[in-house]
Amino acid sequence: MIYRKCIDCSFALTSRQLRIQNCKSTLFHIAVCSAVALEESNQLKFGKHPNLAENAKTMAMKNMVILQNSETCINDFEWPDKNSPSPNWTVII
């Protein structure tokens, strides 16, 4: 899935892959199978999908595995310093 130019939005989604481009002030509740690719975005928040357990079972039937704590697996291409947290996104509980 690709989300582009989202501003002040909220999503709950399950996907094999997720790419986010040019988004701002948006909340993503996610359950994904690979790290999120984040490009040119800021003020994003990530949390667990509200139906994580149910969606993980559905994905498993398709031979896909949801990453544990996928809301923390974010590849921010605008913040290459892996030793410090990106200012472009945060995790919510």
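The values are calculated or read from the model by the stated rules, or taken from the named source; none is laboratory data. Given the structure is predicted, the values throughout are model-derived calculations rather than measurements. For neighbour counting, all protein chains shown are included, and Cβ atoms are generated from backbone atoms with ideal geometry for every residue, glycine included. Keep in mind that these areas ignore ligands, DNA and RNA; they rest on the heavy atoms of the full protein, side chains included. Shrake-Rupley method; radii C 1.70, N 1.55, O 1.52, S 1.80 Å.
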Practice task
Count, please, the residues in region 1-21 that happen to be open to solvent by less than 80 Å² (accessible area, probe 1.4 Å) and β-branched (Val, Ile, Thr).
Solution key: 2
Exercise for the section: Considering every residue within region 3-17, establish whether at least one is over 15 Å from the mean Cα position of the chain (by Cα) and on the phi < 0 side of the Ramachandran plot. Expected result: yes
Completion exercise
Apart from one, (1) under 15 Å from Met1 (Cβ atoms); (2) open to solvent by less than 40 Å² (accessible area, probe 1.4 Å); (3) outside any helix (DSSP H, G or I) all hold for Asn55; the odd one out is (3)
Problem - Verdict on Ser84 being at pLDDT below 95, open to solvent by less than 60 Å² (accessible area, probe 1.4 Å) and of a type outside the set (A, V, I, L, M) - result: yes
Handout entry: Residues satisfying the stated conditions in region 62-72, i.e. open to solvent by 40 Å² or more (accessible area, probe 1.4 Å) and either closer than 13 Å to Arg16 by Cα or part of a loop (DSSP other than H, G, I, E, B) (or both)
Key = Lys62, Asn63, Val65, Leu67, Gln68, Asn69
Completion exercise
Expected output for region 82-93 (first residue touching a residue at least 12 places away in the same chain (Cβ under 8 Å), partner surrounded by 13 or more Cβ atoms within 10 Å (Cβ to Cβ) and among the small types (Gly, Ala, Ser), Cβ below 8 Å, 6+ apart or cross-chain) is Asn88/Ser41; Trp89/Ser41; Val91/Gly47; Ile92/Gly47; Ile93/Gly47
Exercise for the section: State whether the residues of region 22-43 include one that is open to solvent by 50 Å² or more (accessible area, probe 1.4 Å), in a loop (DSSP other than H, G, I, E, B) and charged (D, E, K, R). Expected result: yes
